[in-house]
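The values are calculated or read from the model by the stated rules, or taken from the named source; none is laboratory data. Bear in mind that the values here come from a model prediction, so they are computed numbers and not experimental data. No Cβ is skipped: glycine too gets one built from the backbone with ideal geometry, and neighbour counts run over all protein chains shown. These accessible areas exclude ligands, DNA and RNA; they are computed on the full protein's heavy atoms, side chains included. Shrake-Rupley method; radii C 1.70, N 1.55, O 1.52, S 1.80 Å.
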Amino acid sequence: MNRMMTKAKKALFTMAAAGLCLGLLTGCGDGIKKETSDTVITKTDTALQLYADIEKMVQDNSLMADENFTAMKSKLTEMSVKIKEQIADTTEEDGQMTLKELDAMIQNLTEVKGQVQKKIDGTAQ
């Protein structure tokens with residue numbers, strides 16, 4: 001479970017980095033394309049849904065999650081709100097950097113979800 005928590009923490013830090021990408025250079029340069037903005041919002045929602053899926057799996061199977069994992073929910077929600085609030089005022093370049101960060105976070109959360117499923121199935125190492 002520690003390995004899973006490390007991945008989950010990495011996902012949280014990635015989400016924070018995504019928020020910072022949008023926040024640091026807001027208003028500089030050309031605006032973000034609608035397609036990029038829509039993709040950032042969709043991927044942010046995907047990350048939140050992955051966390052919710054993991055949380056449900058943990059709860060439904062009486063697994064123990066550490067405090068960092070449970071605290072991640074509010075942090076992810078806060079980051080999601082910031083991203084959605086600032087997306088219209090950011091640049092295309094920042095939007096693209098945010099997408100890269102979100103892709104990494106989604107990959108990490110997907111791996112955590114797989115590890116939780118293995119633990120549930122009794123196949124975790």
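The C-beta contact set for region 50-67 (first residue in contact (Cβ under 8 Å) with a residue 40 or more places away in the chain and of a type in the set (Phe, Trp, Tyr), second residue assigned to a helix (DSSP H, G or I) and open to solvent by less than 50 Å² (accessible area, probe 1.4 Å), distance under 6 angstrom, 6+ apart or interchain) comprises Tyr51/Leu76. Screening Asp45 with (1) closer than 15 Å to Leu109 by Cβ; (2) in contact (Cβ under 8 Å) with a residue 40 or more places away in the chain gives one miss only, at (2).
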